[in-house]
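Just so it is clear, none of the values below were taken in a lab; they were calculated from the coordinates. Treat the numbers as computed from the prediction; the structure is a model and nothing was measured. Every residue, glycine as well, gets a Cβ built from its backbone with ideal geometry; the counts of neighbours run over all protein chains shown.
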Amino acid sequence: MPGFQGIKQSARRRVPLLAQDLVCLLDVPVHKTGTAFTKPVDPLLGQAIEAWQVVRPDQPKMLDRKTGERVEFLFAIRAKRVAKHYINEKIIPMLCRKAGVPASDVRGRITSHRVRTTIAS
């Protein structure tokens, strides 16, 4: 079977596990300290992003100040990027509530910066 990567245990039988079930590749754009790169992430993240892209309103490509290219931003509304403050104060706490996880830990509040550094490590 093409893409076969392993076996996933089932209560009744063994089911082949495909590569796309194991990993999702996330394209990370150019950032403050480095170039663009692709990072493997849990498939649940890829599924969540795909679900969001289905329901969000279409947005035009916008100028990336770092590269000068027109790109699609995941969090945009009315042809403007969602402000970092709004993401940190509203979106992340709401997502934490929905996921049943605390919005802070011993290091403080969960913010977009903390999530970024978590992905990097």
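General observations
- Close amide H partners of Ala76, meaning residues 5 or more places away or on another chain with modelled amide H under 5 Å apart, are Val82.
- Extending 7 Å from Cα along the Cβ direction at Asp42 and again at Leu26 yields two label points whose distance is 1.1 nm.
- The length gained by stretching the chain between Ala103 and Gln53 to full extension, at 0.36 nm per residue less their Cα-Cα distance, is 15.6 nm.
- Taking label positions 7 Å along the Cα-Cβ direction at both His113 and Lys84, the computed distance is 0.7 nm, reported to one decimal.
- Cross-link partners for Lys84 among the aspartates and glutamates, with Cα-Cα distance under 17 Å and sequence neighbours closer than 8 places in the same chain left out: Asp64, Glu72.
- Cut-off under 5 Å, modelled amide H: who pairs with Val28 long-range: Phe37, Thr38, Lys39
- Estimated vicinal HN-Hα couplings, Hz - region 32-43 in sequence order (Karplus 6.51, -1.76, 1.60; Gly, Pro = x): 3, 10, x, 8, 5, 7, 10, 10, x, 9, 4, x
- Selection of trypsin sites (Lys or Arg not before Pro), region 20-72, meeting DSSP coil and at most 12 other Cβ within 10 Å: Lys32, Lys61, Arg65, Lys66
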